[in-house]
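A.B. asks: Mind looking over this structure? Questions follow.
The values are calculated or read from the model by the stated rules, or taken from the named source; none is laboratory data. If you're wondering where the values come from, they're calculated on a predicted model, not measured in any experiment. Cβ: placed from backbone, ideal geometry, glycine included. Neighbour counts: every protein chain shown.
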Amino acid sequence: MSVVSNVTVTVPATTANLGPGFDCIGAALKLYNEFKFTRQEGGLTIHVTGTEAEGVQTDESNLLYQAFIKFYQHIEQTPATVKIEIKLGVPLARGLGSSATAIVGGLVAANQLEGTPMSQSQVMELAIAMEGHPDNVVPALLGGCRLAATSGAAWEICDVPWHQDIVPVIAIPNFELSTSEARGVLPTEVSRADAIFNTAHLGLLLRGLETGNGQWLKTALQDKLHQPYRKALIPGYDAVNIAAVSAGAYGMVISGAGPTLLALTDKLHSEAVEAAMLAAWQEEGITAEVRSLSLDTQGAKSF
Ligand SMILES: Nc1ncnc2c1ncn2[C@@H]1O[C@H](COP(=O)(O)OP(=O)(O)O)[C@@H](O)[C@H]1O
Ligand SMILES: N[C@@H](CCOP(=O)(O)O)C(=O)O
């Protein structure tokens, strides 16, 4: 393919971890950021519109631009000078993969502008290296629900079947929690019992997601590697959890590094689960936006 003068990339939000799959599983959601890159003379300009636009840097420190630059370093070329227009749909620092959209968006845009010198799997490897874990950048790039594992040299990515009756309900509170802060509270070592617990629960989760077996999902959505440490950073976590399950959710987990909470339920109960999560957070004095979203199956798209 040939070099082009502009490209627009859309990248979906993600919900990573899904309880027991810390740092290895995530799903793309139908909620998007849009990034337009146009070649221009005379230096970088960044213009941001949409949800919480004031929270995004408009200089060279911008994460989207950092990913763009990383691509050129990788192919050992001088970066194109560009105008960047960002339309935000994914809220920042809420555990919905806003940073992953920026990393994937910057890499995909640079690859497209330069006529795709890199394959999709090379872009993916670079995105994982930048983010430090695969569970949000992989579904952001490829869509669907994805499990990632590495032997050390390369990554194996597998598509995780998601039963059509399972509905993700996301409850996004009106406060931020940076991923680095939420990683900072985690222990560096875990017990053998906790490692076994999560191994078993992740296996059960994969089968529960595939079959829609509610009994399996109810047990599977438990975790001992990150949520017990992180829930103290999310006021109202226990109340929202109890409300979601009482309204018919299989269970509730922290989306990504939080503070967004994710309940899995079925179509019959999704509206009641939404209302219950919203009311529980309101009672704690926290404003939230609660919605049922479906899975994005296409990942990053450029045009
Ligand atoms: N569209 C974007 N363009 C540039 N930078 C972004 C964008 N979205 C997020 N970021 C950067 O990523 C940070 C949030 O990352 P992080 O703490 O990992 O939270 P999240 O869970 O949303 O990924 C923001 O504060 C901002 O610096
Ligand atoms: N496994 C990571 C996932 C972070 O996802 P994000 O959406 O919060 O960026 C973690 O839990 O730290």
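A.B. asks: What number of residues in the stretch 220-276 are part of a helix (DSSP H, G or I), among the hydrophobic types (A, V, I, L, M, F, W, C) and more than 16 Å from ligand 2 (Cβ to nearest atom)?
C.D. replies: Looking only at that region, the number is 11.
A.B. asks: Tell me, which helices (runs of 4 or more DSSP H) wholly within the stretch 119-219 include 1 or more residues that are farther than 28 Å from residue 63 by Cα?
C.D. replies: Helices (runs of 4 or more DSSP H) meeting the threshold: 192-211.
A.B. asks: Quick one: which residue in 48, 104, 90, 108 is within 22 Å of residue 133 (Cβ to Cβ), touching a strand residue (DSSP E or B) at 6+ places or on another chain (Cβ under 7 Å) and near ligand 1 (Cβ under 8 Å from one of its atoms)?
C.D. replies: Within the list 48, 104, 90, 108, the selection yields 90.
A.B. asks: Suppose we filter 278, 261, 295 for residues that are within 22 Å of residue 201 (Cβ to Cβ) and surrounded by fewer than 24 Cβ atoms within 10 Å (Cβ to Cβ); which single one remains?
C.D. replies: Exactly one residue qualifies, and that residue is 295.
A.B. asks: Consider residue 148 against the criteria (1) at pLDDT 95 or above; (2) surrounded by fewer than 21 Cβ atoms within 10 Å (Cβ to Cβ); (3) among the small types (Gly, Ala, Ser): it satisfies all of them except one. Which criterion is unmet?
C.D. replies: Looking at each condition in turn, residue 148 falls short on (2).
A.B. asks: Still on this model: Can you confirm whether the stretch 177-194 contains a residue that is closer than 28 Å to residue 31 by Cα, in contact with an Asp or Glu (Cβ under 8 Å, 6 or more places away or on another chain) and surrounded by 13 or more Cβ atoms within 10 Å (Cβ to Cβ)?
C.D. replies: No, the stretch 177-194 contains no residue that is closer than 28 Å to residue 31 by Cα, in contact with an Asp or Glu (Cβ under 8 Å, 6 or more places away or on another chain) and surrounded by 13 or more Cβ atoms within 10 Å (Cβ to Cβ).
A.B. asks: Something else about it: Are there any pairs with C-beta distances below 7 angstrom linking a residue in the stretch 250-273 that is in contact (Cβ under 8 Å) with a residue 12 or more places away in the chain and under 26 Å from residue 93 (Cα atoms) to a residue that is among the aromatic types (Phe, Trp, Tyr) and within 13 Å of ligand 1 (Cβ to nearest atom), with the two at least 6 apart or on different chains, and if so which?
C.D. replies: Matching pairs, first to second residue: 259/175.
A.B. asks: Could you list, in sequence order, the residues of the stretch 17-31 that are closer than 13 Å to residue 202 by Cα and either within 15 Å of ligand 1 (Cβ to nearest atom) or surrounded by fewer than 21 Cβ atoms within 10 Å (Cβ to Cβ) (or both)?
C.D. replies: Matches in the stretch 17-31: 17, 18, 22, 23, 24, 26.
A.B. asks: Can you say whether residue 141 is surrounded by 21 or more Cβ atoms within 10 Å (Cβ to Cβ), farther than 26 Å from residue 244 by Cα and hydrophobic (A, V, I, L, M, F, W, C), as far as the supplied structure shows?
C.D. replies: yes
A.B. asks: With the checklist (1) surrounded by fewer than 20 Cβ atoms within 10 Å (Cβ to Cβ); (2) of a type in the set (A, V, I, L, M); (3) touching a residue at least 24 places away in the same chain (Cβ under 8 Å) in hand, flag the one item residue 153 doesn't pass.
C.D. replies: (3)
A.B. asks: Considering only residues that are of a type in the set (S, T, N, Q) and away from ligand 2 (no atom under 13 Å from the Cβ), look in the stretch 153-197 and name the one that is nearest to the chain's Cα centre (by Cα).
C.D. replies: Filtering first and then ranking leaves 174.
A.B. asks: Another one. Out of contact with any strand residue (DSSP E or B) (no Cβ under 8 Å at 6 or more places or on another chain) and not aliphatic (A, V, I, L, M): which single residue out of 230, 207 fits that description?
C.D. replies: Going through 230, 207 in turn, just one is out of contact with any strand residue (DSSP E or B) (no Cβ under 8 Å at 6 or more places or on another chain) and not aliphatic (A, V, I, L, M): 207.
A.B. asks: Okay, moving on. Sort out which residues of the stretch 66-81 are surrounded by fewer than 22 Cβ atoms within 10 Å (Cβ to Cβ) and in contact with a Leu (Cβ under 8 Å, 6 or more places away or on another chain), and write them in order of number.
C.D. replies: The answer is 70, 74, 80, 81.
A.B. asks: Let me ask something else about it. Of everything in the stretch 233-252, what is in contact with a helix residue (DSSP H, G or I) (Cβ under 7 Å, 6 or more places away or on another chain) and within 16 Å of ligand 1 (Cβ to nearest atom)? Give them in sequence order.
C.D. replies: Correct list: 233 only.
A.B. asks: Given the structure, is residue 190 touching a helix residue (DSSP H, G or I) at 6+ places or on another chain (Cβ under 6 Å) and either without any contact (Cβ under 8 Å) to a residue 12 or more places away in the chain or not assigned by TED's automatic domain parsing to the domain that holds residue 121 (or both)?
C.D. replies: Taking the combined requirement at face value, the residue does not satisfy it.
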